[in-house]
Amino acid sequence: MDFLECKGKVALVTGGAQGIGGAVVQALAKLGLIVAAIDYNAEKLNKYVSELKSQGLEVYAFPADVSDSHAIDRIVDQIENDIGPIETLVNVAGVLRTGMIESFSDKDWAKIFSVNSTGVFNLSRSVSKYMMTRKRGSIVTVGSNAASVPRISLAAYAASKAAAVMFTKCLGLELAQYNIRCNIVSPGSTDTEMQWSLWNEENGAEAVINGMPDAFKVGIPLKKIAMPTDIVDAILFFISNKSNHITMSNLCVDGGATLGA
């Protein structure tokens, strides 16, 4: 894909300190974009951004909780005023809490939705206000294939991601008149810390690939777990002009694990 049209433009990425978010930050910066990264973990974010800057990449760290709308508004205003107009927003920040519904705590439920759903709302609302005045922009939300297929012990996570997916589609409908495209990339099992937290044994990856009938979870037909770069490639497609006439779409990148559901 030709990203010359994106070089020098500003992209804002949440969850930018690690995992898929960190991979997105690095990929965009290497393509010549100016990247502002938000993450709750200030220490990890600052360290990662320092490493990227040492490579000559233009990346800025903004430690913040995406569920704090006031903090997000301040950061977006700062980026617009001090760095440049935000042309691209990538909502990646997410948290995972697992557990059966009858024993799931109020605190965990609230935390999942505050980040996975409200965080997407906060960033998208704040950034889109600026994009609307310019009549251009691209917003990509990282969802999950769990949003379309029921999973045992993942009710809260799946529901929060389903909310983020539908919100992004509705946002895309509202913003289409302003030439702003809003799309979703829904990963399946990906080789990140979030995925590792679900593994109780060394052969966790093998179990995911083969499937777990007791959890009503089919395996991965492509016989491999995604790498963060696989998800990044899908995000880059939605950011580029190669997807110029695509909005409100949900691209599932899960090796066939949800059988197209």
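What to note about this one:
- For segment 104-125, the criterion of being touching a Leu at 6+ places or on another chain (Cβ under 8 Å) and under 28 Å from Leu31 (Cβ atoms) is met by at least one residue.
- Yes/no for Ile38 being more than 21 Å from Asn81 (Cα to Cα), of a type in the set (Val, Ile, Thr) and within 14 Å of the chain's Cα centre (by Cα): no
- Candidate set: segment 149-178, residues that are among the polar types (S, T, N, Q) and surrounded by fewer than 19 Cβ atoms within 10 Å (Cβ to Cβ); chosen: the one nearest to Gly16 (Cα to Cα): Ser153
Residue by residue, here is whether (1) crowded, with 23+ Cβ neighbours inside 10 Å; (2) modelled with pLDDT of 95 or more; (3) closer than 30 Å to Ser153 by Cβ; (4) among the polar types (S, T, N, Q) holds:
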| position | (1), (2), (3), (4) |
| --- | --- |
| Gly15 | yes, yes, yes, no |
| Gln18 | no, no, yes, yes |
| Ser54 | no, yes, no, yes |
| Ala64 | no, yes, yes, no |
| Val76 | yes, yes, no, no |
| Glu87 | no, yes, no, no |
| Leu96 | no, no, yes, no |
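- When we screen Ala42, Ala29 for residues that are buried (at least 19 other Cβ atoms within 10 Å of the Cβ), modelled with pLDDT of 95 or more and farther than 19 Å from Pro187 by Cβ, the only hit is Ala29.
- When Ala234, Ala164, Ala205, Ala176 are checked against the criterion of being modelled with pLDDT of 70 or more, in contact with a helix residue (DSSP H, G or I) (Cβ under 9 Å, 6 or more places away or on another chain) and assigned to a helix (DSSP H, G or I), Ala164 stands alone in meeting it.
The values are calculated or read from the model by the stated rules, or taken from the named source; none is laboratory data. It should be emphasised that the depicted structure is a prediction, and the values quoted were computed from it without experimental measurement. Methodologically, a virtual Cβ is constructed for each residue, glycine included, from the backbone with ideal geometry; neighbour enumeration extends over all protein chains shown.
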